[in-house]
Amino acid sequence: MAGAEIENQTSVQKFILLGFPGTWFFRISLAVVFSIMYFLTIVGNMSVIALVCTHPWLHTPMYFFLCNLSFLEIWYTTACVPKAIGVMFGKSQIISFTGCILQLYLVFSLGSTECLILAVMAYDRYLAICHPLRYSSLMNSTFSAQLALISWLSGFLAISVLASLISRLSFCGPNVINHFFCDIDSWIALSCTDTSLVELATFIISMNVLLGSCAVTLVSYIYIISTICRIPSAQGRQKAFSTCSAHLTVVTIWYGSSIFLYVKPSAQNSLDLNKIVNVFNTIVTPLLNPFIYTLRNKEVTRALEKAIGGM
């Protein structure tokens, strides 16, 4: 009897991703839009990396972190968008238990790493604006590489704990995931075992990664704005603010949607709303980042103009 119960609990080995239900025309149109946005995201972020690598005056810690962010965005959007496009075309709605866990691990590890990279970029701008004379000695190439490495390792290690807990959940009922990728809340909604430990771990990790990195970013910008306000000339204030305005824009979009999604004490019954907000994190933000940094950064714009002029 016990063996039959265990067999029933572990009977679900494949899941069906629902994606965005609607008419055939709606789903195909959405798939085409996602495909265009994904292509532009890859091209945009690869262009930023290429510009930084090929122009010596961009070989600074600020642009080193920007390269890390662009590299991360390429893999972050790749972890879920191609599968989502296949789901909307109706060609690859089925995903295995192992594939779902792997996708969840990659998406959330890369998302956590992005939080930490953005916090490191805020700290870099704090040192550059508040301690300009000591900046080159404080933020040298070794220290910047160490900060980037710590961000990557911490992001992946934090989610490995969560992925391990989720992999132990049992599924004995419906296997339809109301999402376009394997999201934590969707797994919790489908599990037929106690999910309180997973929900608690999700909340704690979210608090530490999201709010911790957000706090570092917020404190950095309080000091940055305070320093900028003390600059006597309007031109000086504008020049100082221009070095961090692009990062501030990206941070606002990213943290706004991420905190809404993951900093909550339990999984909410608002999976449809979560899907819409997740579109901003997984598709819109990775698309906007390279354009925001290009359009609002004179040095990157100058490198882009020189690259286009040399073609």
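For this structure, a couple of remarks:
- Only one of LEU210, LEU200, LEU157, LEU147 that is open to solvent by 60 Å² or more (accessible area, probe 1.4 Å), in contact with a helix residue (DSSP H, G or I) (Cβ under 9 Å, 6 or more places away or on another chain) and in a helix (DSSP H, G or I): LEU157
- When region 179-207 is filtered for residues that are free of Cβ contacts under 8 Å to residues at least 60 places away in the same chain and among the hydroxyl-bearing types (Ser, Thr, Tyr), the ones remaining, listed by number, are SER191, SER196, SER206.
- Number of the condition not met by TYR135 [criteria: (1) without any contact (Cβ under 8 Å) to a residue 12 or more places away in the chain; (2) within 30 Å of ILE184 (Cβ to Cβ)]: (2)
- A single member of SER257, SER270, SER266, SER245 is more than 18 Å from CYS182 (Cα to Cα) and either at pLDDT below 70 or within 21 Å of the chain's Cα centre (by Cα) (or both), and it is SER245.
- Among the residues making up region 229-243, those that are under 12 Å from PRO132 (Cβ atoms) and among the aliphatic types (A, V, I, L, M) are ILE231, ALA240.
- Selection status of ARG125, open to solvent by less than 40 Å² (accessible area, probe 1.4 Å), basic (Lys, Arg) and more than 23 Å from SER206 (Cβ to Cβ): yes
- The single condition among (1) buried (at least 17 other Cβ atoms within 10 Å of the Cβ); (2) closer than 23 Å to SER160 by Cβ that ILE224 does not meet is (2).
- The residues of region 129-144 that are assigned to a helix (DSSP H, G or I) and open to solvent by less than 50 Å² (accessible area, probe 1.4 Å), listed by number, are ILE129, CYS130, TYR135, SER144.
- When the criteria are applied in full, SER258 meets the requirement of being closer than 30 Å to GLU199 by Cβ, small (Gly, Ala, Ser) and either open to solvent by less than 80 Å² (accessible area, probe 1.4 Å) or not in a helix (DSSP H, G or I) (or both).
- Sole residue being assigned to a helix (DSSP H, G or I), at pLDDT 90 or above and touching a Pro at 6+ places or on another chain (Cβ under 8 Å), chosen from TYR76, TYR105: TYR76
- Some residue of region 62-73 being in contact (Cβ under 8 Å) with a residue 60 or more places away in the chain and touching a Cys at 6+ places or on another chain (Cβ under 9 Å): no
- Among the numbered conditions (1) touching a Phe, Trp or Tyr at 6+ places or on another chain (Cβ under 8 Å); (2) of a type in the set (S, T, N, Q); (3) open to solvent by 10 Å² or more (accessible area, probe 1.4 Å); (4) under 29 Å from ALA246 (Cα atoms), the only one that SER109 does not meet is (3).
- If you go through region 124-141 and keep only what is among the hydroxyl-bearing types (Ser, Thr, Tyr) and over 25 Å from the mean Cα position of the chain (by Cα), you end up with TYR135, SER136, SER137.
- Comparison of ILE49, ILE85 shows that the only residue that is over 22 Å from ARG168 (Cβ atoms), part of a helix (DSSP H, G or I), in contact with a Cys (Cβ under 6 Å, 6 or more places away or on another chain) and open to solvent by 10 Å² or more (accessible area, probe 1.4 Å) is ILE49.
- For region 53-82, residues that are more than 21 Å from the chain's Cα centre (by Cα) and open to solvent by less than 20 Å² (accessible area, probe 1.4 Å) total 2.
- Residue in region 224-233 that is out of contact with any Ser or Thr (no Cβ under 8 Å at 6 or more places or on another chain), within 22 Å of PRO290 (Cβ to Cβ) and in a loop (DSSP other than H, G, I, E, B) present: no
- Residues being open to solvent by 40 Å² or more (accessible area, probe 1.4 Å) and touching a Cys at 6+ places or on another chain (Cβ under 6 Å) - total across region 182-197: 1
- Test: residue in region 227-236 that is within 19 Å of the chain's Cα centre (by Cα), at pLDDT 80 or above and open to solvent by less than 50 Å² (accessible area, probe 1.4 Å): no
The values are calculated or read from the model by the stated rules, or taken from the named source; none is laboratory data. What you see is a predicted model, and the numbers here were worked out from it, not measured in a lab. Neighbour counts run over all protein chains shown; Cβ positions are idealised from the backbone, glycine included. Protein only, heavy atoms only, side chains kept; ligands, DNA and RNA dropped before computing areas. Shrake-Rupley method; radii C 1.70, N 1.55, O 1.52, S 1.80 Å.
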